[in-house]
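This report refers to the structure that appears directly beneath it.
The values are calculated or read from the model by the stated rules, or taken from the named source; none is laboratory data. Computed from a predicted model, the values in this text were never measured in an experiment. With ideal geometry, Cβ positions are generated from the backbone for all residues, glycine too; neighbour counts draw on all protein chains shown. Surface accessibility is based on the protein's heavy atoms, side chains included, excluding ligands, DNA and RNA. Shrake-Rupley method; radii C 1.70, N 1.55, O 1.52, S 1.80 Å.
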Amino acid sequence: MDLWVVIPAYDEERSIGATLRRLAEQTDTGFTVVVVDNGSTDGTAGVVRAFAADGAGPRVRLVTEPQKGTGAAADTGIRHAIGAGATHVARTDADCLPGPEWIAAVKRAFGEGLEMVSGPLRPRTDEFRLKLWERRLLPAVIGIAAFFGRIRPGNQDPLALGPYLMMPGCNVAITAELYDRSGGFPRTRIEDVHEDRALVNRVRRLTTAYGLRKDMVVYGSVRRLRAYGLVGTLSWYADHRYTPEVVDIRLGDLR
């Protein structure tokens, strides 16, 4: 197994370093990282280059994708990895912290025969001093989104071989073969299409070898929840029924 981790990044100078450090702390260090700079206007690329030059963590490559969009950037990174020999690819995002056993959990899932796998998304506690309701709200929002994802008409595909499962793009892994066969992430912007849901629905037409594993944990930023509020966040994940003027929320935008 030649596992690569892909991280799309746009103006993540303040966050990408923590993500890379968390990957360097994995219990299983047998993987390569590719960060996709999606046209950043800040020092994102410099942070990545400095981390790679330090040599203390996993091997890190930096590639660029000028076409704006998490789907486009993730697809570029995954296809770069596959072209370099990756047999399996995991994706997280530049505002996320994979748990210390994340890589090991990904490999176990593939070893069990899964071709695509995801796991829990829990709130980060290091960005803000979270209130109790905020700590509980992100898992609740994800749970609500997962429930409605299973019953929503857009996911009721008569050609699907298995049920819809919510697999967030910041915590997903897939074999290179299945990624190629499915067509991969649509090369879109997050405000246009939720590329992770699109990929799941593409995969469902091809195989039933996909699933969720409780030990594959990623801690995600709550900055969108804090910026949009509960109703706005739920509406955002429900086919962008709420789309704010500023989609790319960064820590500097919040007080």
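May I ask you to list the residues in region 48-79 that are of a type in the set (Asp, Glu) and within 23 Å of residue 30 (Cβ to Cβ)?
54
List pairs: first residue in region 100-113 and part of a helix (DSSP H, G or I) and modelled with pLDDT of 95 or more, second residue crowded, with 16+ Cβ neighbours inside 10 Å and of a type in the set (S, T, N, Q) anywhere in the structure, Cβ distance under 6 angstrom, at least six positions apart or on different chains.
103/26
List every residue pair whose Cβ atoms lie under 7 Å apart, where the two residues are 6 or more positions apart in sequence or sit on different chains, the first residue falls within region 56-73 and is farther than 13 Å from residue 33 by Cβ, and the second residue, located anywhere, is in a strand (DSSP E or B) and open to solvent by less than 40 Å² (accessible area, probe 1.4 Å).
Correct list of pairs: 64/37; 65/36; 70/8; 73/8; 73/36.
Yes or no: residue 85 outside any strand (DSSP E or B) and closer than 24 Å to residue 194 by Cα?
The answer is no for residue 85.
Does region 152-210 hold any residues that are assigned to a strand (DSSP E or B) and either buried (at least 23 other Cβ atoms within 10 Å of the Cβ) or more than 17 Å from the chain's Cα centre (by Cα) (or both), and which are they?
172, 173, 174, 210
Condition first: touching a helix residue (DSSP H, G or I) at 6+ places or on another chain (Cβ under 9 Å) and either open to solvent by less than 10 Å² (accessible area, probe 1.4 Å) or not small (Gly, Ala, Ser) (or both). Now tell me which residues in region 23-34 satisfy that.
23, 26, 27, 28, 29, 31, 32, 33, 34
Quick check on residue 71: is it at pLDDT 95 or above, of a type in the set (Gly, Ala, Ser) and surrounded by 17 or more Cβ atoms within 10 Å (Cβ to Cβ)?
yes
State which residue is nearest to residue 163 (Cα to Cα) when the search covers only region 211-227 and only residues that are touching a Gly at 6+ places or on another chain (Cβ under 8 Å) and open to solvent by 50 Å² or more (accessible area, probe 1.4 Å).
This residue is 212.
Conditions tested, residue by residue: (1) open to solvent by 40 Å² or more (accessible area, probe 1.4 Å); (2) over 26 Å from residue 189 (Cα atoms); (3) more than 15 Å from the chain's Cα centre (by Cα).
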{"position": "21", "(1), (2), (3)": "yes, yes, yes"}
{"position": "36", "(1), (2), (3)": "no, no, no"}
{"position": "54", "(1), (2), (3)": "yes, yes, yes"}
{"position": "57", "(1), (2), (3)": "no, yes, yes"}
{"position": "63", "(1), (2), (3)": "no, no, yes"}
{"position": "92", "(1), (2), (3)": "no, no, no"}
{"position": "100", "(1), (2), (3)": "yes, yes, yes"}
{"position": "107", "(1), (2), (3)": "yes, yes, yes"}
{"position": "116", "(1), (2), (3)": "no, no, no"}
